[in-house]
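Read the structure below first, then the notes.
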Amino acid sequence: MARKKTSFKLISLRKRRRWRPKKKKIFWKVLLILFIVFVSIPSIIAYLWFKKNILDKLPNVNKIENVVFSQTTTITDRNGIVLYKVFNENRKYVKLDKISENMQNAIIAIEDKNFWKNPWIDIQWIIRAWLQDVIFGKRQWASTLTQQLIKNIILTNKKTIKRKLKEIVLAFKLNKYLANKIKKQYKGLSDKEIKRKVKEKILEMYLNYVFFWNNAYGVEAAANTYFHKSADKLSVLEASILASIPKSPVKYDPLRNRKNNIWYLSIKDENNENIELTWSIKNNIEKIYINYLKDQNFALAKDENDMINMIVPKNLKLGKLQIDYTPWRKDFVLARMYLDNHINKAQLIEAIKEWLNIKIYSPKIEIKAPHFVFYVLNQLEKKYGKDVISKAWWTIKTSLDYNIQKTAEQTVKDRSNYLLKKWANNSALLYVNSKNWDIIAYVGSKDYNNKKIDGKVDIITSKRQCWSTIKPLIYAKAFIEHRDLTPDSPIYDTKLNIAKKWHTFNNFDWKFMGLMPIKKALAYSRNIPAAKMYFLGWGERKVKAFLQALWLKTISNKIYYGYPLAIWAAEVRMIDFAQAYIQLSNIDEAVNINPILEIRNHDGSIIYKKKISKRKQIIPKSVIYMMWSILSDPANRPPSWNKVEQVPQLTLATKSWTTNIIDKRTWKKYPRDGWFVAYSPSKVFVVWAWNTKWEHMHSDAFWWWTAWKIWKDFVIRLKKAKKIHNESMLGKWTTNIYINELNGKKSTSKTPVQVTVKTVARLNWIPKADDGKTIKMIELDTMCNWLVSEYTPITDKKYWYIIKAHSQKPRDPKWENPVQEWWKKTWKEKFEKILWWPILFEEPKKECEDRLILAKLWKLKFNIISPRNWDKKAHVFNMKISIQNAPFKIKKYQVFVDDVKVDEEAYNWKTLWIYIPNNVSLWLHKVKIRLIDEKWYIDEKTLNLYIIKDNDKPYLYKKYENNWKYYYVFKDNSSKILWWLLICNWKKTRFRGNIAIWDNWDCSYSMVIDYYWNYSN
């Protein structure tokens, strides 16, 4: 056998390596891909977008020094009449060395505190603005002075990302351009010196081009306009005032809005009443305030807020006077100047001392309806930015009708002399179309240029206490919350013990009117019912939110007003108040404030055209109609007021009020200001008259002598010019119903007619049906006014009304007790005349006990002798009775058949004639006889009798004569009459009807069992 060949393989002891890709190479490849996708490509796209939208569209920054501002912005009325023009810039360019350091420092401190350090942008500001946007969602546009200069001169004020990016790039280019120019002009300067020169040039350009309002362009013109001096002589205070303006020229206008810019000083006495700032008070305040400031260690202040807290004194008193100083814009400028070391403590104190005596001059400008114009400019500034008026070349058509405006101004002027006699030196009027919120007439004060009355202060946009003119809005809220309320629902004008001990809560006349319908409580302007309606509207939180939704934004959530919010506590603006009343006027839809009809560019293209902006209808249409029915009906007002508030052939809803103050010298009550509000379904009027010195008016200067006269004269002039016509409001969202005026519930058969009234109710919210528990009629025994018993005679029975009326909160003794007290003490006698019956407030629960005792002695009693029970009788028969007890004379008797009264006769003797009507069936009946005496005591007996038919007439059964006397005996088969005997001395006897008549005096009858009519002999 052959041997097999064996083969061997060399086995390596080294372990074979498995192939794997290199980790480092993969990581770098992935990183490269991510870089390309997330960095390179977006960067390229961003660059292309940036180049196309920003770099390629940048204007030439080299021309910035040669910019000429000559555009004109024109404001017209609705008919094209020019009201105001912003044109022909009042500007004088001055070098930086001709501008005081105070002004330079002030503008840098408030607008760009790092101006000398930052290149052209402030990185810290940008990061802070970005964080505000990301974290709080508040977009801020942080800009340095360089950026603001670019924006004001080259770009627009439109807040977009594109504009911001252009602003940053152009700011860089401007710095570069100015640096190159300065290098050529000033050779040999270091980089630091060049940078300083660039900053000085930018600051110079900014201060010469910035708009300081009132047609003052540049700091030189502003210094001349407001202070009658050149820019190089501006003090620290004057510089701080001017530096405050650019942020919002309209808002911080030192002439019209002095309190927003310069100061607002409140001086109140121990009774919290405002006191006028006299020279003596001013000097004393200055001394106290300066001493206070000297004691402050301003070095401890970390920021401007700490500074303001130190500048503003707390609990500063001058004798019994409380001094409150409210810091405004210029105080923040001064605080920043101190913190940035631009001024020292002595300069700060001197500036604060100076503001008490600062004098600001007013430029003369050609303007029509000035307060309205500035109101429109303020609206434009809010929408388009602060620089739009100074840079735009627009024509702005407004809703004002200047012809009507002149009528309004003339009306106010014509009444001014009369108002001065009442010590009222100022007045305002606002007339609005509630369908589209066109402001038709706007008179912000009696005389715009009158410094004595602060004529430049716009009363229409100033906060004032509206007092009772807010009541319709409070009532509307209560109607919304309590849907079954109607204008005729009851409310009580009685004491309401909800005020503190030191505060007397009362009506303006210190009287109470008791029960009254809601419509009269409102029309009579009663305070206590208004406070109750405030609580029915669910109090502070809901009422406040409701009023704020009606545009009364000045009602603060930080203040707790309580029930006085329904009467006087709220401070509102006339313009906002008109907006609130538009909700009551326009039943179709709610609209937003908008006095601007159209804006056109200089080339005629339309930038903006008004579209009516609808708002949510806060007040339901049914409530709007109910409020109209209350306020427009003259029957709801006091008769003396109707002579005042009515205009012939015009239906208008009206509400008025006069605020009062107490003169501490005489402790008498005087009027302070008068309000009057009126509206139709398409128009709203708001009128105000007052003494702007915070002094009271004449003792008889109530609204009917002040605000009302302006309103009525104005409306009559509109009527004559056919600018206003009569209107009515449709009430299709309501229905007419009858209610019980004591509880407001829908009337039923249980509701007495005397307390049933017709009213209107919300269509789907009809009040509940009256259950008869509030008022009902019962019969009482007059002996003791308790329940009647079976022994009570009719003469002693009398109807009474039981009234159980309650307040709107019967479980609250503060509401309920005064109401019950009022009913018992005041209104019982008056209401008894209305109801025609006496009133009780508690229903008796038992019968009169004295009556039960007397009844035993006075009980009338009788028995029936004939006929007897179950006898048969014709329809007419006689009944013999016996009287057992009759303490009083019996007056009459009554006959009842089956409990139905069929006859009543006077009682003469013990034999009764019973008449059964022919319509009573021939069958067994229950016949009841009732005797009644003169005291109305009664007794009654009942028989069961068969009523049978009369078959024939009575006939003479027997006739005979004896001793010249004639005897007639009659017989009747049907009624089984046994006999009828008449004895007469004469032969002639007749019967007529149911009365027997004899021709002689000797006739007599010994017995009569029955007799018949229709018989004659």
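The values are calculated or read from the model by the stated rules, or taken from the named source; none is laboratory data. Remember, it's a predicted structure, so these values are computed and weren't measured experimentally. All Cβ positions, glycine included, derive from the backbone under ideal geometry; neighbour counts span all protein chains shown. These area figures cover heavy atoms from the full protein model, side chains too; ligands, DNA and RNA do not enter into them. Shrake-Rupley method; radii C 1.70, N 1.55, O 1.52, S 1.80 Å.
Just a few scattered comments:
- Largest-first principal axis extents of the Cα set of segment 250-366 (Å): 45, 36, 20
- Of the listed residues E381, E843, E101, the order by accessible area with a 1.4 Å probe, largest first, is E101, E843, E381.
- Calculated FRET efficiency for the pair K176/A46, C-beta based, R₀ 25 Å, to 0.05: 0.65
- A Cβ-based charge dipole, computed about the Cα centre of segment 551-631 with Lys and Arg at +1 and Asp and Glu at -1, lands at about 220 debye.
- Ratio of Rg to Rh over segment 339-382 (Cα coordinates, Kirkwood Rh, two decimals): 1.25
- For segment 518-572, diffusion coefficient by Stokes-Einstein and Kirkwood Rh (Cα), 4 °C, 1.567 mPa s, µm²/s: 112
- Chain lengthening between K259 and N506 when straightened (0.36 nm per residue, less Cα-Cα): 85.4 nm
- Pair-distance profile P(r), taking every C-alpha pair of segment 713-767, with 10 angstrom steps and integer %: 22, 29, 16, 18, 13, 1
- Segment 358-444 - charge dipole about Cα centre, Lys and Arg +1 at Cβ, Asp and Glu -1, debye rounded to 20: 200
- Taking the square roots of 5 times each eigenvalue of the Cα gyration tensor of segment 474-592, largest first, gives ellipsoid semi-axes of 24, 19, 13 Å.
- Distance (nanometres) between label positions extended 7 Å along Cα→Cβ at K162 and N274: 4.8
- Of the trypsin sites (Lys or Arg not before Pro) found in segment 324-359, those in coil by DSSP whose Cβ has at most 15 other Cβ atoms within 10 Å are K359.
- Cα→Cβ-extended label distance, 7 Å offset, between V312 and N885, nm: 9.3
- Note on surface exposure: I275, I599 rank I275, I599 by accessible area, highest first, 1.4 Å probe.
- Selection of chymotrypsin sites (Phe, Trp or Tyr not before Pro), segment 456-517, meeting DSSP coil and at most 10 other Cβ within 10 Å: W502, W510
- Rolling a 1.4 Å probe over the protein heavy atoms leaves S362 with an accessible area of roughly 40 Å².
- Segment 592-659 versus segment 391-412: alpha-carbon centroid distance in Å: 19
- Estimated FRET transfer efficiency (N592, V82; beta-carbon r; R0 25 Å; 0.05): 0.40
- Estimated vicinal HN-Hα couplings, Hz - segment 551-561 in sequence order (Karplus 6.51, -1.76, 1.60; Gly, Pro = x): 5, 7, 6, 6, 6, 8, 6, 7, 10, 9, 8
- Between K719 and V39, the contour length at 0.36 nm per residue exceeds the alpha carbon distance by 237.5 nm.
- The Cα atoms of segment 203-255 define a convex hull whose projected area, averaged across directions, is 3.3 nm².
- Working note: Cα atoms of segment 752-806, range along each principal axis, descending, whole Å: 51, 18, 17.
- Net length gained if the chain between E286 and I948 were fully extended (0.36 nm per residue, minus Cα distance): 226.5 nm
- Charge dipole (Cα centre; +1 on Lys/Arg Cβ, -1 on Asp/Glu Cβ; no other charges) of segment 424-532 amounts to roughly 360 debye.
- Computed from the alpha carbon positions, the gyration tensor of segment 365-519 leads to an equivalent ellipsoid with semi-axes of 40, 22, 16 Å, biggest first.
- Spin-label model distance (nm) - K935 vs I559, 7 Å beyond Cα toward Cβ: 7.4
- Values of log10 I(q)/I(0) for segment 737-884 across q = 0.12, 0.18 Å⁻¹ run -0.70, -1.11, by the Debye formula with one identical scatterer at each alpha carbon and no solvent.
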